[in-house]
Amino acid sequence: MNLLILDTSFLVAFLRERDEFHSWAVTALKAREGKLITCEAVLAETCHLLRDRLDARKGLLAAVATGSISIPFTLGEEAGAIGKLMNRYRNIPMSLADACLVRMAEIHKEGMVFTLDEDFQIYRKGNRQVIPTVMPSR
């Protein structure tokens, strides 16, 4: 089964209808089949960025509550690996949410990160493999 790993930038574009990448995000998600996954750090960032959109935040949390979006990641179990990633990419600098998504891509080899964040073109899995991404052309 394909795992679609959702980034903050993607979720914001998907949930904010006036976002310049909203149509792209909707189309990109419809074009792929798979299980939607993310991490709590991404959800926290997304809710913060959508703090003016109660309906969008409610919809996001409802998707988590119903299982439409899963959170198969525990920071407590992955803190060591996350710390190493953030140290490796300290010059970018890498956010906690990005580090969690990179780690998720390492764990779930069939995962594909949906993002608008061009840093994912720089990040690599532990064995220097490119992280499969779905992002708009620029």
- Item | ³J(HN,Hα), Karplus 6.51/-1.76/1.60, whole Hz, each residue of the range 5-10, x for Gly, Pro | 8, 9, 9, 4, 4, 5
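Kindly flag which residue pairs out of LYS30/LYS84; LYS30/LYS109; LYS58/LYS109; LYS35/LYS125 have an alpha-carbon separation exceeding 26 Å in this structure.
On the way: LYS30/LYS84 34 Å; LYS30/LYS109 21 Å; LYS58/LYS109 30 Å; LYS35/LYS125 21 Å.
As for pairs spanning more than 26 Å Cα to Cα, those are LYS30/LYS84; LYS58/LYS109.
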- Just checking the chain: which Cys have no other cysteine's beta-carbon under 4.7 Å? CYS47
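Please label the shape of the range 46-87 as rounded, prolate or oblate, based on the square roots a ≥ b ≥ c of the eigenvalues of the alpha-carbon gyration tensor (a/c under 1.5 means rounded; beyond that, a/b larger than b/c means prolate, else oblate). Present the calculation step by step, with values, prior to reporting the outcome.
Details: a/c = 4.78, a/b = 1.79, b/c = 2.67.
Since a/c reaches 1.5 but b/c is at least a/b, the shape of the range 46-87 is classed as oblate.
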- Query: Tilt of helix 40-49 relative to the longest C-alpha principal axis of the chain, in degrees (0 to 90, nearest 10)?
  - Reply: 50 degrees
- Query: If each of ILE92 and THR66 carries a label point 7 Å out from its Cα toward its Cβ, how far apart are those two points in nm?
  - Reply: 3.2 nm
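Order the peptides 88-98, 66-76 from the highest to the lowest mean number of other Cβ atoms within 10 Å of their residues.
Details: 88-98: 15.5, 66-76: 12.7.
Listed from highest to lowest mean packing, they are 88-98, 66-76.
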- Relative to the present Cα-Cα distance, how much length would full extension add between VAL26 and THR74 at 0.36 nm per residue of separation? 14.5 nm
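Here, each number is a calculation from the coordinates, and none is a lab measurement. For clarity, every value in this text was computed on a predicted model and none was experimentally measured. Cβ coordinates were reconstructed from backbone atoms using ideal geometry, including for glycine residues, and neighbour counts include every protein chain displayed.
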